[in-house]
Each structure stands twice: as structure tokens, then as C-alpha cells.
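> Sharing a structure with you now.
The values are calculated or read from the model by the stated rules, or taken from the named source; none is laboratory data. None of the values given here were measured: they were computed from a predicted structure. Cβ placement follows ideal geometry from the backbone for every residue including glycine, while neighbour counts extend to all protein chains displayed. Please note that ligands, DNA and RNA were not included when accessible areas were found on the heavy atoms of the full protein model with its side chains. Shrake-Rupley method; radii C 1.70, N 1.55, O 1.52, S 1.80 Å.
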Amino acid sequence: MALFRITVTRRKNTAGMLIEPGMSVQIASFVNNPVTNIQECKKVNQLFINNFGVDLDKMGALNCSCLRVEKIW
């Protein structure tokens, strides 16, 4: 299992929500890229909802063009 940091790379203001570059969450996962795995992607989205109150799925920002994935450990 690895620890990943998922960071927003670009500003987006959609569906009444705003994300800014630098907003990030951490997730432990067995997959190589949590953003490209459907089940892990839902977990990443839930972390952003819990921490920042933004739903990346509704914003269309739950993808590799808006998010950077870094393996921490």
C-alpha cells in the first residue's frame, strides 16, 4: 500500500464551487494512480467534499488534467 498526495493544478469555478491550485488531500491505496481507478476516484472525490466542500465530479475536475498525483511513500 502506498500513500499518495492528490493536488489541484489549475483554478476552476464551476457549478457554484471553486478549486484553487495547491488544494490537496492524501489517500492510501494499492493502485498506481488513484485518480484513474473508478473505486479510488470516488474516495478521492469524497475526501475533497469532506475537506473543502467541493465535488470534483460535478465540476468535471476529477481527472489527470486538473489533478496531480504524487507518491509520498
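> Pop out the ³J(HN,Hα) list for segment 19-29 in order, Karplus 6.51 cos²θ - 1.76 cosθ + 1.60 with θ = phi - 60°, rounded to Hz; leave Gly and Pro as x.
Working through the residues one at a time gives 10, 10, x, x, 4, 8, 9, 10, 9, 9, 8 Hz.
> What accessible area per residue comes out for the chain, rounded to a whole number of Å², with a 1.4 Å probe?
60 Å²
> A follow-up question, please. In degrees from 0 to 90, rounded to the nearest 10, what is the angle of the helix 38-52 Cα long axis to the longest principal axis of the chain?
The angle comes out at about 50 degrees.
> Suppose a student asked you for the relative contact order of the chain, using Cα pairs under 8 Å spaced at least 6 residues apart; what percent would you report?
42 percent
> Residues of segment 49-73 with backbone nitrogen within less than 16 Å of a virtual label 7 Å along the Cα-to-Cβ line of N32, please, listed as ranges.
64, 69-72, by backbone N distance to the label point.
> Sticking with this one: Taking amide H positions as placed in the peptide plane 1.01 Å from N, state which residues far from N33 in sequence (5 or more) or on other chains have amide H under 5 Å from it.
Those qualifying (amide H under 5 Å, at least 5 residues apart or on another chain) number zero.
> If you roll a 1.4 Å probe over the chain with all protein chains in place, what percent of the accessible area is carbon or sulfur?
Working: 2160 of 4390 Å².
Carbon-and-sulfur percentage of accessible area, whole number: 49.
> Okay, moving on. Going Cα to Cα from K71, which lysines come in below 18 Å? Please leave out same-chain ones fewer than 8 positions away.
Answer for K71, where 18 Å is the Cα cut-off: K43, listed by chain and number.
> So, one more: Let me know the charge dipole size of the chain about its Cα centre in debye, to the nearest 20, where only the beta-carbon of Lys, Arg (+1) and Asp, Glu (-1) is charged.
The dipole of the chain has a size of about 120 debye.
> Which of the lysines could a cross-linker span from K12 if the Cα-Cα distance has to be under 17 Å and same-chain partners fewer than 8 positions apart are dropped?
K58
> To continue, here is another question. Is segment 1-72 best put as rounded, prolate or oblate by its Cα gyration tensor, with a ≥ b ≥ c the root eigenvalues, rounded for a/c under 1.5, and otherwise prolate when a/b is larger than b/c, oblate when not?
Prolate shape, in that a/c is at least 1.5 and a/b is the bigger ratio.
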